[in-house]
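Single-structure report; data block below.
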Amino acid sequence: RLCRELDRRPELAVALLGRPPRLYDPERRTFVHVPPSEHPFVDDAVCSAAGGTTEYAHPSAPSAGTTGQAVRAARLLCRRAWTLGLPLVPDVLQLGVRLEAGRAAALFLRATAHERAPAAAPPAPPRLSSLGLDGFQRVRPSSASSVAVGDILLTHPMSGLFQAKYDQAVVLVTHVSEVSDLVQGIVCNKVSETELAQLLVERPSTLLNRPGATNWNRLAFGKLGPFLDARVFDGGPVLEADLDANLRWLHPYGESVPGAVQLAPGVWLGGDVEAVAGLEAELAARGWPPRWRLLHGGAAWTQAQLALELERGIWIHARAGIGSRAVAALCLGGGPGG
């Protein structure tokens, strides 16, 4: 009964937690294997009920005429025990405890959300469209497709509870390198309390004597002047020693900005900040809202680290269709000044 309910209402399985068989040690850049629990078959069943992720559940409603994930997981657990001649009752009881704990946690979180917003409608089964991600396709962790520039990573609602910087984050992947074994991204939806002027004062560039370094003081008294009171987005927890490496900007201006790099249709990263500021000033003079975003900081993983985080279900991996401007709508629209 419990399994059927979770399949009918997959939102109640979102809080289901599994036991990942391995973690990642960033200092040694290697995997660390986690000892199995006393009920390894139950761990496998929870992983199956969770949609294939090993820690944070990615449940989905079954297609018409098909068996749901939780029911299939329970049946597989029983078949294994019968085939191997193992006691069935302890594992079945343990699976029930795990599933009920996840269901209870989901109901508690939903009740808490309703207390904060009593008029809110009951939550629907999680779909990308319900997250404001129309135009995107979900990439399953089991997919052979790796993360690419322009992809979107959404923090799983449970994993965000343990990573405040990434809680409810929308991360745009900006760089993927096989050579350096590096994946980089920017959190696009978290406006900080820091204004650009404050950032320029607190974190001056240390590269002014290096050829090609940005002269932020000159820009502050020039094209960036009208934007000194603009709030900067918190791009992520990864920070370097100087402002040139930490301050970046997303914009839609394309090849009209020298040095800009296209991430997705309608979304460009970096380039001549003076040129971007000039274009923004022209739009502001016509009464148009800002179309760029200044971001401070970023996110970074080794490829193996991010692959494991996707396997654990820490992120929901989404990709826009070819030619779609969904990334631009998500990352440059709908926020303050956007």
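The values are calculated or read from the model by the stated rules, or taken from the named source; none is laboratory data. As the structure is a prediction and not an experimental result, all values here were calculated from the model. With ideal geometry, Cβ positions are generated from the backbone for all residues, glycine too; neighbour counts draw on all protein chains shown. What goes into the accessible areas is simple: the full protein's heavy atoms, side chains included, and nothing from ligands, DNA or RNA. Shrake-Rupley method; radii C 1.70, N 1.55, O 1.52, S 1.80 Å.
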Residue that is at pLDDT 80 or above and open to solvent by 20 Å² or more (accessible area, probe 1.4 Å), where the choices are 109, 153 | 109
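Pick from the stretch 176-195 the residues that are open to solvent by 70 Å² or more (accessible area, probe 1.4 Å) and touching a residue at least 12 places away in the same chain (Cβ under 8 Å): which of them is nearest to residue 228 (Cα to Cα)? Quick ask: steps written out before the conclusion?
Let us first name the residues in the stretch 176-195 that are open to solvent by 70 Å² or more (accessible area, probe 1.4 Å), namely 178-179, 193, 195.
So of that shortlist, the ones also touching a residue at least 12 places away in the same chain (Cβ under 8 Å) come out as 178, 193, 195.
On the way: 178: 38, 193: 13, 195: 7 Å.
Result: 195.
Can you name the helices (runs of 4 or more DSSP H) wholly within the stretch 168-272 that have at least 1 residues being closer than 15 Å to residue 293 by Cα, at pLDDT 90 or above and touching an Asp or Glu at 6+ places or on another chain (Cβ under 8 Å)?
Of the helices (runs of 4 or more DSSP H) lying wholly inside the stretch 168-272, those with at least 1 residues that are closer than 15 Å to residue 293 by Cα, at pLDDT 90 or above and touching an Asp or Glu at 6+ places or on another chain (Cβ under 8 Å) span 196-202, 243-246.
Just checking, does the stretch 77-89 include any residue being surrounded by 22 or more Cβ atoms within 10 Å (Cβ to Cβ), in contact with a helix residue (DSSP H, G or I) (Cβ under 6 Å, 6 or more places away or on another chain), among the hydrophobic types (A, V, I, L, M, F, W, C) and under 30 Å from residue 305 (Cβ atoms)? Talk me through it step by step, then tell me what you get.
Taking the stretch 77-89 first, the residues surrounded by 22 or more Cβ atoms within 10 Å (Cβ to Cβ) are 77.
Now narrow it down to the ones that are in contact with a helix residue (DSSP H, G or I) (Cβ under 6 Å, 6 or more places away or on another chain): 77.
Adding the requirement that they be among the hydrophobic types (A, V, I, L, M, F, W, C) leaves 77.
Subset that is under 30 Å from residue 305 (Cβ atoms): none.
No, that holds for no residue.
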Could you figure out which of (1) surrounded by 18 or more Cβ atoms within 10 Å (Cβ to Cβ); (2) among the aromatic types (Phe, Trp, Tyr); (3) out of contact with any Lys or Arg (no Cβ under 9 Å at 6 or more places or on another chain) isn't true of residue 288?
-> (1)
If you go through 16, 6, 88, 12, the only one that is touching a Phe, Trp or Tyr at 6+ places or on another chain (Cβ under 9 Å), aliphatic (A, V, I, L, M) and more than 14 Å from residue 313 (Cβ to Cβ) is 88
Within the set of pairs 6 or more residues apart or between chains, which connect a residue that is more than 18 Å from residue 322 (Cα to Cα) and without any contact (Cβ under 8 Å) to a residue 24 or more places away in the chain inside the stretch 254-267 to a residue that is among the small types (Gly, Ala, Ser) and open to solvent by 20 Å² or more (accessible area, probe 1.4 Å) with Cβ atoms less than 7 Å apart?
-> 257/271; 257/275; 258/271; 258/275; 259/271; 260/271
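Rundown of residues vs (1) in contact with a helix residue (DSSP H, G or I) (Cβ under 6 Å, 6 or more places away or on another chain); (2) crowded, with 16+ Cβ neighbours inside 10 Å; (3) without any contact (Cβ under 8 Å) to a residue 24 or more places away in the chain, yes/no style:
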position: 270; (1), (2), (3): no, yes, yes
position: 295; (1), (2), (3): no, yes, no
position: 298; (1), (2), (3): no, yes, no
position: 303; (1), (2), (3): no, yes, no
position: 309; (1), (2), (3): no, yes, no
position: 314; (1), (2), (3): yes, yes, no
position: 320; (1), (2), (3): yes, yes, no
position: 323; (1), (2), (3): no, no, no
Just need a number here: residues in the stretch 1-43 that are over 19 Å from residue 72 (Cβ atoms), open to solvent by less than 20 Å² (accessible area, probe 1.4 Å) and not aliphatic (A, V, I, L, M).
-> 1
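So which of 52, 96, 68 ends up being touching a residue at least 12 places away in the same chain (Cβ under 8 Å), open to solvent by less than 60 Å² (accessible area, probe 1.4 Å) and under 22 Å from the mean Cα position of the chain (by Cα)? Steps first, please.
Working: 96 fails: under 22 Å from the mean Cα position of the chain (by Cα); 68 fails: under 22 Å from the mean Cα position of the chain (by Cα).
Testing whether each residue is touching a residue at least 12 places away in the same chain (Cβ under 8 Å), open to solvent by less than 60 Å² (accessible area, probe 1.4 Å) and under 22 Å from the mean Cα position of the chain (by Cα) leaves just 52.
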